[in-house]
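K.L.:
Provided herewith is a single structure, encoded as structure tokens, for subsequent inquiry.
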Amino acid sequence: MKIALLGYGKMGKVIERIALERGHEIVLRKASSDTFDGLENADAAIDFSIPKAAVSNISAALENGIPIVCGTTGWLDAYDEMTDLCNEKNGAFIYGSNFSLGVNIFFELNSHLAKIMSKFDQYKVAMEEIHHTEKLDAPSGTAISLAKDIIKNSDYTSWTLDFPSENEILIDAKREENVPGTHAIIYNSDIDTIEIKHTAHNREGFALGAVIAAEWLAEKKGVYTMKDVLEL
């Protein structure tokens, strides 16, 4: 398969290595200042760029009829616009706040635990996420996805980065050197604490998941998620 990399930072380079190991060819490596020359030759594109570039990258792929996998976070105010464009162009699009297999299993555990804990109002939920200092958005897209799944399965109505009200989930977003990504969901009461946690050891899991998603999407049409890819 021929892959266009839209974003060629640290993640883009790990994705490139894994894609090549899996027998694929890279036809475009787009850094922030590069053009889209070569995009038309791709069977699929993978976007791990920065928030301000993601929409133009996704749009370019869809306008060229190229299936696009996007793992960039921090741009979701334009998500509906991109899904509308995908449907208008009869294209193929996957956005994921996290492409790691382990994190997507963690998403399922989080949703199931939220359903259980909604029956026990003596517990108050909070979240902690830790990422490297180069990450531009806070909280992480993964943390927002986790919070949304809790809200969907409980009486919580929103999340906040500080001073939560009764129906808000506190997200403690930390930035530390050389941390690929850690997310914890904590249910605390006066008598005990229940916690589930996912810790990434490196970028490999995110990159492998993105390449697998691109392989899966290449012959499809429509808007999908990693739940579709992994049949969760």
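The values are calculated or read from the model by the stated rules, or taken from the named source; none is laboratory data. Since the structure is predicted, the reported quantities are computational estimates derived from the model, not experimental observations. Don't worry about glycine lacking a Cβ; one is built from the backbone with ideal geometry, like all the others, and counts go over all protein chains shown. Quick note on the areas: whole protein, heavy atoms, side chains included, nothing else; ligands and nucleic acids left out. Shrake-Rupley method; radii C 1.70, N 1.55, O 1.52, S 1.80 Å.
K.L.:
When segment 169-197 is examined, which residues are found to be of a type in the set (D, E, K, R), in contact (Cβ under 8 Å) with a residue 40 or more places away in the chain and either touching a helix residue (DSSP H, G or I) at 6+ places or on another chain (Cβ under 8 Å) or outside any strand (DSSP E or B) (or both)?
P.N.:
The answer is Glu176, Glu177, Asp190.
K.L.:
Which residues, counting only those in segment 114-145, are part of a helix (DSSP H, G or I), more than 12 Å from the chain's Cα centre (by Cα) and in contact (Cβ under 8 Å) with a residue 40 or more places away in the chain?
P.N.:
Keep residues of segment 114-145 that are part of a helix (DSSP H, G or I), which gives 114-117, 141-145.
Remaining after also requiring more than 12 Å from the chain's Cα centre (by Cα): 114-117.
Those that are part of a helix (DSSP H, G or I), more than 12 Å from the chain's Cα centre (by Cα) and in contact (Cβ under 8 Å) with a residue 40 or more places away in the chain: Ala114, Met117.
K.L.:
Examine segment 200-209 for a residue that is assigned to a strand (DSSP E or B) and more than 18 Å from the chain's Cα centre (by Cα), and state whether such a residue exists.
P.N.:
Within segment 200-209, not a single residue is assigned to a strand (DSSP E or B) and more than 18 Å from the chain's Cα centre (by Cα).
K.L.:
Could I ask something else about it? Tell me which residues, restricted to segment 105-129, are closer than 21 Å to Ile212 by Cβ and open to solvent by less than 70 Å² (accessible area, probe 1.4 Å).
P.N.:
Phe106, Phe107, Glu108
K.L.:
Looking at the structure I just gave you, is Ser33 modelled with pLDDT of 95 or more and among the hydroxyl-bearing types (Ser, Thr, Tyr)?
P.N.:
Here the answer is no, as Ser33 does not meet what is asked.
K.L.:
Right, another one. Which condition number does Leu170 fail, the rest of (1) open to solvent by 70 Å² or more (accessible area, probe 1.4 Å); (2) touching a Pro at 6+ places or on another chain (Cβ under 6 Å); (3) hydrophobic (A, V, I, L, M, F, W, C) being met?
P.N.:
(1)
K.L.:
Further, regarding this structure: If a residue has to be within 15 Å of the chain's Cα centre (by Cα) and surrounded by fewer than 14 Cβ atoms within 10 Å (Cβ to Cβ) to count, how many in segment 215-232 make the cut? Lay out the reasoning, then the answer.
P.N.:
Of the residues in segment 215-232, the ones within 15 Å of the chain's Cα centre (by Cα) are 223-230.
When the remaining residues are screened for being surrounded by fewer than 14 Cβ atoms within 10 Å (Cβ to Cβ), the result is 227.
Count: 1.
K.L.:
Answer yes or no: is there a residue in segment 204-214 that is open to solvent by 50 Å² or more (accessible area, probe 1.4 Å) and modelled with pLDDT under 95.
P.N.:
Among the residues of segment 204-214, at least one is open to solvent by 50 Å² or more (accessible area, probe 1.4 Å) and modelled with pLDDT under 95, which makes the answer yes.
K.L.:
Name the one entry in Gly96, Gly71, Gly102 that is under 16 Å from the mean Cα position of the chain (by Cα), buried (at least 22 other Cβ atoms within 10 Å of the Cβ) and under 30 Å from Asp155 (Cβ atoms).
P.N.:
Of Gly96, Gly71, Gly102, the one residue that is under 16 Å from the mean Cα position of the chain (by Cα), buried (at least 22 other Cβ atoms within 10 Å of the Cβ) and under 30 Å from Asp155 (Cβ atoms) is Gly96.
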